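The values are calculated or read from the model by the stated rules, or taken from the named source; none is laboratory data. Every value quoted in this text rests on a predicted model; they were computed, and no experiment measured them. Note: ideal-geometry Cβ built from the backbone for every residue, glycine included; neighbour counts use all protein chains shown.
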Amino acid sequence: MATAKKAAAKKKPAAKKPAAKKAVKKTVAKKAPAKKVAAKKPAAKKVVAKKVVAKKAPAKKAVAKKAAKKTTARKPNAAFMKPMTPSAALAAVVGANPLPRTDVTKKVWDYIKKHKLQDAVNRRNINADDKLKAVFNGKKTVSMFEMTKLISGHLK
């Protein structure tokens, strides 16, 4: 009988061991899908890398288009090229003939450079002489940006 008990005792643990192995297999089977999810993450990174490459490629094409535009001649804006009559004060500097705005600005700058009216310290400022004071509405010093605004008031 003692041998029967020993044999029975040996059979019981032997029966438990395979059940434990099955439980391990089940947990392993549950972890396997988690590994597949982890495998999908690097694929997402590759997609991001492709998007970056796709964004860079049109930028190069844009550079090529800009180069193509430089070879073609620009058309001047019709509003700037329309001849306008200067006032009497402005006519003393640029002449009385009707001129486009672009030519008026060029002639005023020629006058400023010829008479050295640009400020030596701050080159953006223009020190007006008697003729330009009338154009600048009595101001002695005017910035070059304000100058174009004041000149446009003397054109009709």
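Things worth noting here:
- Filter result for LEU155 (of a type in the set (A, V, I, L, M, F, W, C), touching a Lys or Arg at 6+ places or on another chain (Cβ under 8 Å), touching a residue at least 60 places away in the same chain (Cβ under 8 Å) and surrounded by 13 or more Cβ atoms within 10 Å (Cβ to Cβ)): yes
- Lone unmet requirement of (1) within 30 Å of LYS140 (Cβ to Cβ); (2) at pLDDT 80 or above for PHE80: (2)
- Cβ-Cβ distances below 7 Å connect the following pairs, each with a first residue in segment 86-113 that is within 16 Å of ILE126 (Cβ to Cβ) and in the same structural domain as GLY138 (by TED's automatic domain parsing), a second residue that is surrounded by 13 or more Cβ atoms within 10 Å (Cβ to Cβ) and among the small types (Gly, Ala, Ser), and a separation of six or more residues or different chains: ALA89/ALA134.
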